[in-house]
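Reviewing the structure listed below.
Values in this text are rule-based calculations from the coordinates and carry no lab data. Being a predicted model, the structure only gives us computed values, none of them experimental. Cβ: placed from backbone, ideal geometry, glycine included. Neighbour counts: every protein chain shown.
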Amino acid sequence: MSDRNMDRRSFLKGAAGAVALLISADELFQTGAVAAAEGAEAPVTGPPVKIGVIGLGQWGKQIITTLSKLPPAKITAVCDTYAPFVEKVTKQIPEAAALNDYKKALESPEVEAVVIATPTHQHKEIVLAAVQAGKHVYIESPLAVTVEEAKEIAQAGMGAKQVFQVGQQGRSNPLYVHVEQFVRSGALGNPAVVYAQSNKKNSWRKMAPSPEREQEQNWRLAKKTSPGLIGEVGIHQIDLANWYLNALPVAATGFGSISNWKDGREVFDTVQCMIEYPNNVRMIYTATLVSSFSGEYNLFQGSDSSLLLRDNRGWMVKEADSPLLGWEVYARKEQTFEETGICMIADATKIIKEGKEPGKEGSATTRDALLVALENFTRSIRENAKTACTALDGYRAAVSAIKANEAVNSASRIFFAPEWFDLGAK
């Protein structure tokens, strides 16, 4: 292993636990480095949006729990083809209509909007019907298993008169939104490489009372119904790279294997992929369901600084020869692992008002990205506000991930045709 790799590993280990050079929100506002985000927490105007949730699996239940905490949302219908799921959720929300057919939710005048959290391969039919029925749509990511179906879904969303939002929760993550301002200011210098990983020991296999139900439950394990680890998990980190780099992939090379969960599945439990962007920037992505060690992170390295985003924390580490950005002189400094980091705090103003110190334990960003995304959905409906993730953003993320997964499945290099990202192209 090279010294450079050892330095990078030490950096990741140190930065993940370090709070170094700290910038208060007020100081940043004075220098214009960031804009105040107080307005983002203003209550959504108008009556609660009447929402039907379609798909009550593990993620659908999380959506139900999150919506229940949102004053601008009212769950009026819950729907799943599996009766035990419906029964369990209706105990939590007895006032909601319990349905076993999504068409009933689309016909109901008590449903203004739908949140679709079904398995990925079932998205197309439901989304197209929801748009046709005039409902506002929040569709979980990825849009589809294939580019062709993703395009149909996104085109329907682009042409919809009502709100259409894709569930790329990273686009609503307060930390990511905050850090984007630094990226746009040129703080990275010339971007060179992006590292991202997602490690979590999880078989993805679920038990069921019958072979038929087991097959339905384990749709993620079959290539026909699943875009794999990159499509289901990595898409969020790839979308972050697309967003921060303000670019789209030009090629992808991938590899995968079934290293541990040898239970007849088709989808790999461990993958590695290199995604190439314009200007010789590369993203190195790795993920495994075999081990949880080191968890998840995103690291952007440039000629002037590096940005590490991990959980709800972020750090900027500047190069010794990088130019002053102006606000560093106001910040407190602390050395750790021979690096000086800038602690990125999205809710610094709120934390200061609470009498806490940004960057200290217990004062990091606490607003869940899913909650913020769903709040944004209701705000877009009631106030005609911009959605956090448009149909085009969601489609381009889907194309990036689906094609990267194809590279992984074929252990080859795939070149992206520019027209793949164009919703108007055939």
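Would you kindly state how much longer the chain becomes between T81 and V193 on full extension, computed as 0.36 nm times their sequence separation minus their alpha carbon distance, in nm to one decimal? Can you show the working numbers first?
Numbers: separation 112, 0.36 × 112 = 40.32 nm, distance 4.43 nm.
Length difference between fully extended and current span is 35.9 nm.
Exactly which chymotrypsin sites (Phe, Trp or Tyr not before Pro) in segment 266-316 are in a DSSP loop and have at most 11 other Cβ atoms within 10 Å?
Working: sites: F268, Y285, F293, Y297, F300, W315; in loops: F268, F293.
Taking segment 266-316 and a limit of 11 other Cβ atoms within 10 Å, the loop chymotrypsin sites (Phe, Trp or Tyr not before Pro) found are F293.
Here the Karplus curve 6.51 cos²θ - 1.76 cosθ + 1.60, taken at θ = phi - 60°, turns the phi angles of segment 415-422 into couplings of 9, 7, 7, x, 5, 4, 8, 9 Hz, with x standing for Gly and Pro.
First select every other residue whose beta carbon is under 9 angstrom from the beta carbon of W261; then total the charges, Lys and Arg +1, Asp and Glu -1. Don't skip to the end; give the middle numbers.
Numbers: positive: R205, K262, R265; negative: D263, D269.
Spelling it out: positives minus negatives among the neighbours equals +1.
Here segment 41-170 is assigned +1 on the Cβ of each Lys and Arg and -1 on the Cβ of each Asp and Glu. Its dipole about the Cα centre then comes out at about 220 debye.
Distant-in-sequence amide contacts of Y297, defined by a placed amide H-H separation under 5 Å and a gap of 5 or more residues or a different chain, comprise Q197. State, to one decimal in nm, how far the label point of N246 lies from the label point of E110, with both points 7 Å from Cα in the Cβ direction. The two pseudo-label positions are separated by 4.8 nm.
For A97, the residues 5 or more places off, or on other chains, whose built amide H falls under 5 Å of its own are A77, V78. Pairs exceeding 32 Å between alpha-carbon atoms, taken from K103/K206; K88/K161; K50/K223; K318/K403; K50/K200: K88/K161; K50/K223; K318/K403; K50/K200. At an R0 of 25 angstrom, the distance between the Cβ atoms of W59 and N260 translates into a FRET efficiency of 0.60. Please compare each pair in K201/K224; K69/K91; K224/K386; K104/K224 to a cut-off of 25 Å on the Cα-Cα distance and tell me which ones are over it. Those over the limit are K224/K386; K104/K224.
Couplings 3J(HN,Hα) for segment 124-141, derived from phi with the Karplus relation 6.51 cos²θ - 1.76 cosθ + 1.60 (θ = phi - 60°), are 3, 4, 6, 4, 4, 5, 5, 5, 4, 7, x, 8, 5, 10, 10, 10, 5, 9 Hz, where x marks Gly and Pro. For segment 381-397, 3J(HN,Hα) computed residue by residue from phi via the Karplus equation (6.51, -1.76, 1.60; θ = phi - 60°) reads 5, 7, 10, 6, 7, 5, 6, 5, 9, 7, 4, 5, 4, x, 5, 5, 5 Hz, glycine and proline entered as x.
The simple spin-label model puts a point 7 Å past each Cα toward its Cβ; for E419 and D101 those points are separated by 4.1 nm.
Other residues with beta-carbon under 13 Å from the beta-carbon of I63 carry, at +1 per Lys or Arg and -1 per Asp or Glu, a net charge of -2. Annotation: amide H-H contacts under 5 Å for A251 (H modelled 1.01 Å from N, sequence separation of 5 or more, or interchain): E276, F416.
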